[in-house]
Amino acid sequence: MTAPHLFDSHMHTPLCGHATGHPREYAQAALDAGLAGIVFTDHIPMPAWYDAPWRMRLDQLAEYVDMVQETRAQFAGRLTVGMGLEADFHPGTERFVEEVLAAHDWDYVIGSVHYIGAWGFDNPEFVDEYQRRDLGSLYRHYYALIEGAACSGLFDSIGHLDLPKKFGHRDPDGAAALRVLDTIAALGLSLDYNTAGERKPVQEAYPSPGLLAAAAERGIPLVLGSDAHRPQEVGYQFGAAAQRIGEAGGTIAHYLNRVRTTDEEAQP
């Protein structure tokens with residue numbers, strides 16, 4: 001059983017095109033894991049030309065809202081169920097994202113970067129592109145995009161901070177990551193502490209232990225997320241994750257109504 005005040009605040013639904021299981025199955029898995037709550041954060045609709053196979057369409061947004069609200073009603077009194085989005089930051093699409101975020105009352109919005117230019121760098125289909133890239137330059141470009149996401153004012157947290165390491169291609173420098181953490185701290189944002197990395201080739205959560213320590217030093221709260229794409233992944237390794245965050249001196253948080261509550265505030 002997981003600590004009963006924890007939330008899983010990063011999970012998907014089949015509407016994204018690459019997840020399985022009805023939201024009610026994710027909610028039941030969270031109950032079984034001893035969680036206090038969950039927040040669905042499926043991939044935000046984007047312009048039709050952007051990443052179409054890997055996210056819900058704009059005309060599916062109402063269906064997503066209905067599914068989450070039905071799940072919330074079904075589990076009322078047993079599990080807190082929030083409705084959020086994992087939103088992409090891609091320069092030029094900010095106005096579209098802003099319109100989607102204004103369409104409903106969301107509980108939590110993660111800002112993530114999945115593309116460097118036209119390259120979906122976390123897609124296993126395109127992993128061979130890493131052989132053609134200088135890792136130092138790649139990470140500097142990536143963290144410049146992350147800084148843009150943080151400064152956009154659109155998001156509550158930054159998703160899977162060091163995502164380009166997914167297939168084992170680690171940042172050879174680290175300076176750009178620390179600079180962006182300074183920005184995240186100054187803006188009062190949180191970080192997605194994403195245990196999905198432990199299921200990927202890198203076998204390490206996002207952010208890395210070093211970046212976790214640096215975030216904790218800067219007072220940046222961590223929002224636990226499994227990045228579940230199937231019910232069995234809900235709450236994945238949360239006990240170990242909470243322990244690591246605590247040992248680093250970090251604070252666990254979650255969001256409802258886009259208001260942050262820390263772990264200490266959530267406990268009786």
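Identify the single condition in (1) farther than 20 Å from Thr13 by Cα; (2) touching an Asp or Glu at 6+ places or on another chain (Cβ under 8 Å); (3) open to solvent by 60 Å² or more (accessible area, probe 1.4 Å) that Tyr236 does not satisfy, given that it satisfies every other one.
(1)
Okay, residues lined up against (1) of a type in the set (D, E, K, R); (2) at pLDDT 95 or above; (3) within 21 Å of Gly37 (Cα to Cα):
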site: Val68; (1), (2), (3): no, yes, yes
site: Phe89; (1), (2), (3): no, yes, no
site: Phe96; (1), (2), (3): no, yes, no
site: Asp105; (1), (2), (3): yes, yes, yes
site: Ser112; (1), (2), (3): no, yes, no
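Being open to solvent by less than 40 Å² (accessible area, probe 1.4 Å) and polar (S, T, N, Q) is the filter here; which residues of segment 203-233 pass it?
Matches in segment 203-233: Ser208, Ser226.
Take segment 103-147 and flag every residue that is of a type in the set (Phe, Trp, Tyr) and part of a loop (DSSP other than H, G, I, E, B).
Step one: list which residues in segment 103-147 are of a type in the set (Phe, Trp, Tyr), which gives 106, 108, 115, 119, 121, 126, 130, 139, 142-143.
Once the filter is applied, which keeps residues that are of a type in the set (Phe, Trp, Tyr) and part of a loop (DSSP other than H, G, I, E, B), segment 103-147 yields Trp106, Phe121.
Going residue by residue through segment 243-251, is there one that turns out to be open to solvent by 40 Å² or more (accessible area, probe 1.4 Å), at positive phi and either of a type outside the set (Lys, Arg) or within 15 Å of the chain's Cα centre (by Cα) (or both)?
Yes, segment 243-251 contains a residue that is open to solvent by 40 Å² or more (accessible area, probe 1.4 Å), at positive phi and either of a type outside the set (Lys, Arg) or within 15 Å of the chain's Cα centre (by Cα) (or both).
Could you grab the pairs with beta carbons closer than 6 Å, sequence gap of 6+ or different chains, first residue in segment 204-216 and over 19 Å from His169 (Cβ atoms), second one buried (at least 19 other Cβ atoms within 10 Å of the Cβ) and at pLDDT 95 or above?
Ala214/Leu181; Ala215/Leu181; Ala215/Leu191; Ala216/Gly250
Taking the condition of being crowded, with 22+ Cβ neighbours inside 10 Å and touching a strand residue (DSSP E or B) at 6+ places or on another chain (Cβ under 7 Å), how many residues in segment 122-141 meet it?
Matching residues across segment 122-141 total 0.
Search segment 157-188 for residues being assigned to a loop (DSSP other than H, G, I, E, B) and in contact (Cβ under 8 Å) with a residue 40 or more places away in the chain, and hand back the single one that is surrounded by the fewest Cβ atoms within 10 Å (Cβ to Cβ).
Initial filter on segment 157-188 (assigned to a loop (DSSP other than H, G, I, E, B)): 159-162, 166-174, 188.
Within this subset, residues satisfying the condition of being in contact (Cβ under 8 Å) with a residue 40 or more places away in the chain are 159-162, 166-167.
Details: Gly159: 27, His160: 27, Leu161: 27, Asp162: 24, Lys166: 21, Phe167: 13.
Top of the filtered list is Phe167.
Which numbered condition in (1) part of a helix (DSSP H, G or I); (2) surrounded by fewer than 18 Cβ atoms within 10 Å (Cβ to Cβ) is the only one that Arg72 fails?
All conditions are met except number (2).
Just for segment 18-35: of the residues that are touching a residue at least 60 places away in the same chain (Cβ under 8 Å) and open to solvent by 30 Å² or more (accessible area, probe 1.4 Å), which one is farthest from His114 (Cα to Cα)?
For segment 18-35, the residue satisfying everything is Gln28.
For (1) touching a residue at least 12 places away in the same chain (Cβ under 8 Å); (2) of a type in the set (Asp, Glu), each residue gets a yes or a no:
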{"site": "Leu61", "(1), (2)": "yes, no"}
{"site": "Phe75", "(1), (2)": "yes, no"}
{"site": "Met83", "(1), (2)": "yes, no"}
{"site": "Gly92", "(1), (2)": "no, no"}
{"site": "Phe96", "(1), (2)": "yes, no"}
{"site": "Glu99", "(1), (2)": "no, yes"}
{"site": "Tyr108", "(1), (2)": "yes, no"}
{"site": "Glu125", "(1), (2)": "no, yes"}
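Please work out which residue is least open to solvent (accessible area, probe 1.4 Å), limiting yourself to segment 189-202 and to residues that are among the aliphatic types (A, V, I, L, M) and in contact with a strand residue (DSSP E or B) (Cβ under 7 Å, 6 or more places away or on another chain). Spell out the reasoning first.
Of all residues in segment 189-202, those among the aliphatic types (A, V, I, L, M) come to 189, 191, 196, 202.
Filter once more, keeping what is in contact with a strand residue (DSSP E or B) (Cβ under 7 Å, 6 or more places away or on another chain): 189, 191.
Numbers: Leu189: 21, Leu191: 0 Å².
Here the answer is Leu191.
The values are calculated or read from the model by the stated rules, or taken from the named source; none is laboratory data. None of the values given here were measured: they were computed from a predicted structure. We place every Cβ from the backbone using ideal geometry, glycine too, and count neighbours over all the protein chains shown. Please note that ligands, DNA and RNA were not included when accessible areas were found on the heavy atoms of the full protein model with its side chains. Shrake-Rupley method; radii C 1.70, N 1.55, O 1.52, S 1.80 Å.
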